[in-house]
Ligand code: TYD
């Protein structure tokens, strides 16, 4: 099973992924986690470029669109491992939400694997900006308002559970367990 976490910056994806992984392992599942951008050469380049002062220009935005797609291509084979549950921190759905134009981004990502379950951690942009350091290009309120809207529209195309990310860590974690449990045939109160 391929589970993808999406949401704007500061929604709490990495903390929730860690908690879900521990809970699934305690219930006997084998779990592997992935993060996009990855730690490949391309992923490192992406992180550098996100900090550039000209990162918001059209040419840099398009360059980033290409790099995110290329970085993702490098982990394609990992997603085929059916012996484990794969949980990913972001996916091509981030590109669809953050980059444009949409048709071009879709084309670039046409070989990307669709999630079996998308968990969208939904947060308003004001809270997002307050929770992040605002260093990355996309960490500004106006941009993130658009990204959030894009996510909510995109969610309709996938098997998706929307989680309210304005709640505290533990409430979110229990909401996520409740959302995931039926897909795996386990009860949300199991083990942990
Ligand atoms: P993020 O997950 O926030 O990494 P970190 O926790 O290290 O800051 O990803 C970095 C930024 O890249 C984030 O603002 C979202 C953006 N991004 C895209 O714009 N498109 C993509 O396809 C991906 C994967 C990320």
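The values are calculated or read from the model by the stated rules, or taken from the named source; none is laboratory data. What you are looking at is a predicted structure, and each value in this text was computed from that prediction instead of being measured. As a convention, Cβ positions derive from the backbone with ideal geometry for all residues, glycine included, and neighbour counts pool all protein chains shown.
With respect to residue 83, is the statement that it is out of contact with any strand residue (DSSP E or B) (no Cβ under 8 Å at 6 or more places or on another chain), under 18 Å from residue 113 (Cβ atoms) and not in a helix (DSSP H, G or I) true? Criteria met by residue 83. Taken as a whole, the condition of being modelled with pLDDT of 95 or more, assigned to a helix (DSSP H, G or I), within 13 Å of the ligand (Cβ to nearest atom) and in contact with a strand residue (DSSP E or B) (Cβ under 7 Å, 6 or more places away or on another chain) applies to residue 93. Restricting to segment 3-27, name every residue that is touching a helix residue (DSSP H, G or I) at 6+ places or on another chain (Cβ under 6 Å) and assigned to a strand (DSSP E or B). Answer for segment 3-27, where residues must be touching a helix residue (DSSP H, G or I) at 6+ places or on another chain (Cβ under 6 Å) and assigned to a strand (DSSP E or B): 5, 6. For segment 122-138, the criterion of being in a loop (DSSP other than H, G, I, E, B), in contact (Cβ under 8 Å) with a residue 60 or more places away in the chain and more than 10 Å from the ligand (Cβ to nearest atom) is satisfied by at least one residue.
Here is a yes/no grid of residues against (1) at pLDDT 95 or above; (2) over 19 Å from residue 9 (Cα atoms):
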site	(1), (2)
148	yes, no
155	yes, no
161	yes, no
164	yes, no
168	yes, no
172	yes, no
179	yes, yes
192	no, yes
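For segment 28-39, a residue qualifies if it is surrounded by 16 or more Cβ atoms within 10 Å (Cβ to Cβ) and farther than 15 Å from residue 93 by Cβ, and the qualifying residues are 31, 33, 38. For segment 28-52, residues that are in a helix (DSSP H, G or I), within 12 Å of the ligand (Cβ to nearest atom) and without any contact (Cβ under 8 Å) to a residue 24 or more places away in the chain total 4. When segment 11-27 is filtered for residues that are within 13 Å of the ligand (Cβ to nearest atom), surrounded by 15 or more Cβ atoms within 10 Å (Cβ to Cβ) and either more than 17 Å from residue 86 (Cβ to Cβ) or more than 18 Å from the chain's Cα centre (by Cα) (or both), the ones remaining, listed by number, are 11, 12. In segment 61-93, of all residues being under 19 Å from residue 184 (Cβ atoms) and buried (at least 21 other Cβ atoms within 10 Å of the Cβ), the one that is nearest to the chain's Cα centre (by Cα) corresponds to 88. Considering only residues in segment 96-112 that are closer than 19 Å to residue 37 by Cβ and in a loop (DSSP other than H, G, I, E, B), the one that is nearest to the ligand (Cβ to nearest atom) turns out to be 99.
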